[in-house]
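Below is one structure; the comments refer to it alone.
We did not get these values from a lab; they are worked out from the coordinates using the rules stated. As the structure is a computational prediction, the values presented were derived from the model and not from experiment. Cβ sites come from the backbone with ideal geometry, for glycine too, and all protein chains shown count toward neighbours.
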């Protein structure tokens, strides 16, 4: 196996006098799905935000490939999130005024691609996600599962190195959630992206390659998920 595409080590983060992360470490390889679990308040979302460049850790290092991104400016990290990273959130986060295909194309257009080319590329993701025919529907016309599939397409359309998913099935019933997560995992792995999933759902965590458990902001040794 080649070296990890994403590494975080010595990660400590404080909000005022409160220390949320304490010397946390994680490494994720291309084509690997890693679940980050732990009780509420254990620092899961803060770890994700540090790894994704949303915030800079108080201490420690974050590497994306050969780039140490925690040292980058906020503007540079923002540009990074629009190109080399993808995101799937609990409630989709789609823009209600745009049709589904334009929601998917949005990261490409923000990156400077012409609208026609961006929409054409975005359209290719609807078939693999089982949502062909929904390209022109707006989010309010989609079911929760359909909306999450559109969100997955948006996360993958830029062919990112890493996809971050924060409770991606939390708004869905269990059977829909599993189907959506299986699609996310299969497509991320197929494209060679690493997948980092924050979840409370033991069944979702079990379907990842590895599980990293956070307790009081610390990461003990990661262990393999159940087969």
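Helix 174-191 and the long axis of the chain differ in direction by around 90°, with both axes built from C-alpha atoms. In terms of overall dimensions, the range 20-79 has a Cα radius of gyration and Dmax of 11.9, 32 angstrom.
Helix 100-110 axis versus longest C-alpha principal axis of the chain: approximately 60°, rounded to the nearest ten.
Using the per-residue mean of other Cβ atoms lying within 10 Å as a proxy for protection, in what order, highest first, do the peptides 153-164, 110-121 fall? All intermediate terms of the calculation are to be shown ahead of the outcome.
Values: 153-164: 22.1, 110-121: 13.5.
The packing order, highest mean first, is 153-164, 110-121.
Counting only DSSP beta bridges with both residues in the chain, the antiparallel share comes to about 50 percent. Given a Förster distance of 22 Å, report the FRET efficiency between residue 79 and residue 175 from their Cβ-Cβ distance, rounded to the nearest 0.05. With a Förster radius of 22 Å, E is 0.05. Each label point was placed 7 Å from the Cα along the Cα-to-Cβ direction; for residue 67 and residue 141 their separation is 3.7 nm.
Roughly what % of Cα-Cα distances in the range 142-227 sit above 22 Å, to the whole percent? Please list the in-between numbers first.
Details: 932 of 3655 pairs.
Roughly 25 percent, rounded to a whole number.
Against the chain, whose longest principal axis comes from its Cα atoms, helix 144-156 is set at around 70 degrees.
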